[in-house]
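The values are calculated or read from the model by the stated rules, or taken from the named source; none is laboratory data. As the structure is a prediction and not an experimental result, all values here were calculated from the model. Glycine gets a Cβ as well: all are built from the backbone with ideal geometry, and neighbour counts include every protein chain shown.
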Amino acid sequence: MSPSGLLVDPFAFTRESREITERCPVDSFERLADAVLLPEGSLQATFRGWQDADGKSWLKLDLKGALVLQCQRCLEALTWPVQVASLFLLVREGDALPDDDLEEDAWDCLPVGKRFDLRQIVEDEALLAMPFAPRHEECSAPSRADGGERASPFAGLAQLRKPEGRG
Ligand SMILES: [Zn+2]
């Protein structure tokens, strides 16, 4: 098996404005495979790098795909779509993080060395995108988890049937 195309020199990647798209099987990530119900399918990761006028190195990740999670209501499988766009400001490992960027929500600082496996970010971002308690919008399987009544989607109709005001 060839080495991952996502193992790069990150500063060369941004300096040369490179772009790479790689399909990453879910079962190729140890932590992610443990976190999902079934380690099936893959995530498609597209990285773009560039340097701005101040010489700062930026890396953008677009991550797409699906994860098979467990519905916390009926405990059956649930396919959770993943669509993440993340922006990173590269800083050299060991360098101080820029103060003014610490509270910035639009990007994260990413300390990197001369070689960096971008797959680390793919796994981290996929884990971050996973909901804490995923649920089907409507469970098709008989409910085992709550065992109680489920609100009818038509319950709201009773409200609509009230006599209308005359005017
Ligand atoms: Zn469910």
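Scanning for something touching a Cys at 6+ places or on another chain (Cβ under 9 Å) and more than 19 Å from PHE132 (Cα to Cα), does segment 14-28 turn up at least one residue?
No; the residues of segment 14-28 include none that is touching a Cys at 6+ places or on another chain (Cβ under 9 Å) and more than 19 Å from PHE132 (Cα to Cα).
Looking at segment 2-14, can you tell me whether even one residue there is under 30 Å from CYS139 (Cβ atoms) and out of contact with any helix residue (DSSP H, G or I) (no Cβ under 9 Å at 6 or more places or on another chain)?
no
Are any of the residues in segment 60-70 touching a residue at least 24 places away in the same chain (Cβ under 8 Å) and outside any strand (DSSP E or B)?
No: segment 60-70 contains no residue that is touching a residue at least 24 places away in the same chain (Cβ under 8 Å) and outside any strand (DSSP E or B).
For segment 129-152, which residues satisfy the criterion of being at pLDDT 60 or above and surrounded by 10 or more Cβ atoms within 10 Å (Cβ to Cβ)?
Scanning segment 129-152 gives ALA129, MET130, PRO131, PRO134, ARG135, HIS136, CYS139.
Could you say whether any residue in segment 52-69 is surrounded by fewer than 18 Cβ atoms within 10 Å (Cβ to Cβ), closer than 15 Å to LEU127 by Cβ and touching a Gly at 6+ places or on another chain (Cβ under 8 Å)?
For segment 52-69, residues surrounded by fewer than 18 Cβ atoms within 10 Å (Cβ to Cβ), closer than 15 Å to LEU127 by Cβ and touching a Gly at 6+ places or on another chain (Cβ under 8 Å): present.
If you check every pair at least six apart or on different chains, which have Cβ atoms under 9 Å apart with a residue in segment 83-112 that is more than 16 Å from ASP124 (Cβ to Cβ) and part of a loop (DSSP other than H, G, I, E, B) first and a residue that is of a type in the set (Val, Ile, Thr) and modelled with pLDDT of 85 or more second?
Correct list of pairs: GLU93/VAL112; LEU97/VAL91; PRO98/VAL91.
What residue, of ASP9, ASP54, ASP34, is in contact (Cβ under 8 Å) with a residue 12 or more places away in the chain and among the acidic types (Asp, Glu)?
Answer to the selection: ASP9.
Of the residues ARG166, ARG115, ARG161, only one is more than 16 Å from the ligand (Cβ to nearest atom) and at pLDDT 90 or above; which?
The match here is ARG115.
So GLU76 clears everything in (1) more than 16 Å from the chain's Cα centre (by Cα); (2) of a type outside the set (A, V, I, L, M); (3) within 16 Å of the ligand (Cβ to nearest atom); (4) surrounded by fewer than 12 Cβ atoms within 10 Å (Cβ to Cβ) except one condition, right? Which one?
Here GLU76 meets the rest and fails (4).
Across segment 12-27, what is the total count of residues that are touching a residue at least 24 places away in the same chain (Cβ under 8 Å) and in a helix (DSSP H, G or I)?
So the answer is 4.
Determine which member of the set GLN83, GLN44, GLN120, GLN70 is under 17 Å from LEU32 (Cα atoms) and within 16 Å of the ligand (Cβ to nearest atom).
Checking each option against the conditions leaves just GLN70.
Among the candidates ALA45, ALA33, which residue alone is surrounded by 16 or more Cβ atoms within 10 Å (Cβ to Cβ), at pLDDT 95 or above and small (Gly, Ala, Ser)?
ALA45
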